[in-house]
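Notes for the one structure printed next.
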Amino acid sequence: MSKRSEPTLRHRLEYAAFRVAEGFIGLLPWRMALALGAGVGRFYHLLDARHRRVVRENLRASDLNLDEAGIRRVARACFAHFGSLLFATVRMLRMSERRVRSLVTFEGLEHFDAAVAEGKGFIGLTGHFGNWELMALALSLEGRTLAVIGRELDNPLLEPYLSGLRGRFGNTVIPKDGAMRETLKVLRKGRAVGFLLDQDALGQGIFTRFHGRWASTYPTAGLLAVKYALPIVPIFNRVHSDGTLTVVIHPPLRVVATENPARDIWIATQLMSRSIEAEGRDDPARWFWMHRRYKTQPTSENQLPPEEWQAAARILWDAYSIR
């Protein structure tokens, strides 16, 4: 174990608390676990003033056009959803293959299969929306595996549990640090690489529009899609009131390379941001508004794409029927 990953006292206390919670939650029926998690989420909505403020500020600054009552309602529902998601993820650690299958239905698997058939790999686009962990797990059970780029947990004692869950039925995790080499290996095998493309990229990103504001977005997926002519397959999920899930796979997005690669990469990245945004409009409470998506803002006009690029992206987006 490297020095960086040596567990601290805090890590050990978190691990002990997790083992107690995991033992309890693992015995609960699925719907009871979700309901209890939602209750915990609502409780944290009352206690966690910092994240409550972040959620409300994000919603106010978005183009969802919510009034103050609507903002507070969505904020409460958002905390409840992510409390439920936390309990669901712990519950899935002990869930049988048969039970996972019983919770999930699919729409659009043919789009996944068609992208595989092209033989050059593809971008599996998703975001922190709904229950993305159950979505990926269920896809792998159907033989549609993903290699997902992700950051390891800060607690080295808990990381094996999450990575074990994600890789249980064939998915793999590509560490975020130095991911390009492993990503290219996966693509050369004709497999899908999953990108959750809805977090602030700090100074490493390019600025795309997301819910009406500029947001720093990682360009890696767009670069790969343009350079290797890869299809971009949006993969999302819809959570139902009974705790079941519908995984929805959309037809691929494509960007044709021109003599201006910077433009093409930006358009691809903007299309992906728009796809994630569109998915969440009907049910905004299930997106991760606690994240400071808009923390990094442009400091000069030359950091923003030219208007003709933005116009081209709008025209191309209108050609797709994502919703």
### Task
Return only the number of the condition from (1) more than 13 Å from the chain's Cα centre (by Cα); (2) within 26 Å of GLY222 (Cβ to Cβ); (3) at pLDDT 95 or above; (4) not small (Gly, Ala, Ser) that ARG166 does not satisfy.
(3)
### Message
What pairs come out if I take residues in the stretch 68-89 that are acidic (Asp, Glu) and pair them with residues that are surrounded by fewer than 22 Cβ atoms within 10 Å (Cβ to Cβ) whose C-beta lies under 9 Å away, six or more apart or interchain?
### Response
GLU68/ARG56; GLU68/ARG60
### Message
Quick check on ASN260: is it of a type outside the set (D, E, K, R) and over 24 Å from LEU85 (Cα atoms)?
### Response
yes
#### Entry: Failed condition for TRP30, given (1) modelled with pLDDT under 95; (2) out of contact with any Pro (no Cβ under 9 Å at 6 or more places or on another chain); (3) not hydroxyl-bearing (Ser, Thr, Tyr)
(1)
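For the condition surrounded by fewer than 23 Cβ atoms within 10 Å (Cβ to Cβ), farther than 22 Å from ALA38 by Cα, under 15 Å from the mean Cα position of the chain (by Cα) and of a type in the set (A, V, I, L, M, F, W, C), what is the one hit in ALA278, ALA285?
Just a single option satisfies the conditions, and that option is ALA278.
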### Query
Taking into account only those residues within the stretch 229-259 that are in contact with a helix residue (DSSP H, G or I) (Cβ under 7 Å, 6 or more places away or on another chain) and of a type in the set (Ser, Thr, Tyr), which is surrounded by the fewest Cβ atoms within 10 Å (Cβ to Cβ)?
THR258
### Query
Which one is nearest to the chain's Cα centre (by Cα) among residues in the stretch 46-74 that are acidic (Asp, Glu) and exposed (fewer than 14 other Cβ atoms within 10 Å of the Cβ)?
ASP63
### Query
So which of GLY205, GLY178 ends up being more than 15 Å from the chain's Cα centre (by Cα) and at positive phi?
GLY178
### Query
What number of residues within the stretch 135-156 are assigned to a loop (DSSP other than H, G, I, E, B) and surrounded by fewer than 18 Cβ atoms within 10 Å (Cβ to Cβ)?
7
### Query
Does at least one position in the stretch 249-262 carry a residue that is modelled with pLDDT of 95 or more and within 15 Å of the chain's Cα centre (by Cα)?
yes
### Query
Would you pick out the residues in the stretch 75-108 that are of a type in the set (Ser, Thr, Tyr), assigned to a helix (DSSP H, G or I) and surrounded by 14 or more Cβ atoms within 10 Å (Cβ to Cβ)?
SER84, THR89
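For the stretch 237-262, name all the residues that are part of a loop (DSSP other than H, G, I, E, B), farther than 20 Å from SER102 by Cβ and touching a strand residue (DSSP E or B) at 6+ places or on another chain (Cβ under 9 Å).
HIS250, PRO251, PRO252, ARG254, VAL255
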### Message
Cβ-Cβ under 6 Å, sequence separation 6+ or interchain: first residue in the stretch 180-196 and within 18 Å of PRO219 (Cβ to Cβ), partner in a helix (DSSP H, G or I) and at pLDDT 95 or above. Which pairs?
### Response
VAL193/THR183; VAL193/VAL186; PHE195/ALA221
### Task
Read through the list (1) assigned to a helix (DSSP H, G or I); (2) in contact (Cβ under 8 Å) with a residue 12 or more places away in the chain; (3) farther than 16 Å from PHE288 by Cα, then give the number of the only condition that ALA16 fails.
(2)
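The values are calculated or read from the model by the stated rules, or taken from the named source; none is laboratory data. What you see is a predicted model, and the numbers here were worked out from it, not measured in a lab. We place every Cβ from the backbone using ideal geometry, glycine too, and count neighbours over all the protein chains shown.
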